[in-house]
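Engineer: Please find one structure pasted underneath; my questions will follow.
The values are calculated or read from the model by the stated rules, or taken from the named source; none is laboratory data. In this text, all values refer to a predicted model and were calculated from it rather than measured experimentally. In this analysis, Cβ positions are derived from the backbone assuming ideal geometry, glycine residues included, and neighbour counts consider all displayed protein chains. Accessible surface is based on the protein model in full, side chains and every heavy atom, while ligands, DNA and RNA are left aside. Shrake-Rupley method; radii C 1.70, N 1.55, O 1.52, S 1.80 Å.
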Amino acid sequence: MADEDFDEQACLREIAAGSETAARNLLRHFHPFVLKLVRSHLPRRMSEEDLTQMIFIKIFRNLDGYSGKVPLEHWISRVAINTCLNELRAEKRRPEWRLSDFEPETSAAIEQLNRTEPELTSPEDQQAARHLLNTLLGHLAPDDRLLITMLHLEERSVEEIHQLTGWSRGAVKVRAFRAREKMKKMLRKQSSLTFDFSQ
């Protein structure tokens, strides 16, 4: 975390004793960390401010359940990630995804990728590819989206993901493989570009 002088244990003791100042200090210290997680796993219909606030409410409500067996940052990340996943799951997801669902720029990028698989050299192509990737991620199941984001976009190791989520290392590897296969399948269906997520 950014504040090297932050004393977690002293802060937790003061919060347990009812100190509002200590609670504000904990919020200020961990806010950038939680905000970064929220921005990586934000449901489409929710603002990052609302979700961050919801996460901190859960953190303070459950702080007495923190055992100290893992670093506080890992415990907070689990609360944050689980809250994000629950909100993602709560969103109504359409069973099918058609080319007409995309913005025109993304539709054009999909058609171009399906036709020629060109090398992405221009900034416009790179931006379109990033947008396409984000769109594909947005249509994965919440757990898959989280995993691919952490593993490939944030470049976290399997061990880090295990620590942050509590998933077993084997589950991380299997889920990642299946999620990548789902994304490949989406792009391979080039004839109608209709993607069925009901399976």
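Engineer: Work through the residues other than Asp143 whose Cβ is under 11 Å from its Cβ and net out their charges, Lys, Arg +1 and Asp, Glu -1.
Structural biologist: +3
Engineer: Label points 7 Å out from Cα along the Cβ direction at Glu159 and His31: separation in nm?
Structural biologist: My value for the distance between the label points is 3.4 nm.
Engineer: Which order do Asp7, Asp144, Asp64 take when ranked by solvent-accessible area (1.4 Å probe, heavy atoms of all protein chains), largest first?
Structural biologist: The ordering from most to least exposed comes out as Asp64, Asp7, Asp144.
Engineer: Moving on to the next point. Across 10 Å bins from the origin, how do the percents of Cα pairs in segment 1-90 run, short distances first?
Structural biologist: Computed distribution, short to long bins: 16, 51, 27, 6.
Engineer: Residue-wise, which Karplus ³J(HN,Hα) couplings in Hz belong to segment 169-174, taking 6.51 cos²θ - 1.76 cosθ + 1.60, θ = phi - 60°, and x for glycine or proline?
Structural biologist: With the stated coefficients, segment 169-174 comes to 4, x, 5, 4, 5, 5 Hz.
Engineer: Anything over 30 Å Cα to Cα? Flag those among Lys36/Lys69; Lys58/Lys185; Lys36/Lys182; Lys69/Lys185; Lys69/Lys182, in the order listed.
Structural biologist: With Cα atoms farther than 30 Å apart: Lys58/Lys185; Lys69/Lys185; Lys69/Lys182.
Engineer: Tell me the GluC sites (Glu not before Pro) within segment 1-81 that lie in a loop according to DSSP and have at most 16 other beta-carbon atoms within 10 Å. Let's see the in-between values first.
Structural biologist: Values: sites: Glu4, Glu8, Glu14, Glu20, Glu48, Glu49, Glu73; in loops: Glu4.
Hits after loop and neighbour filter: Glu4.
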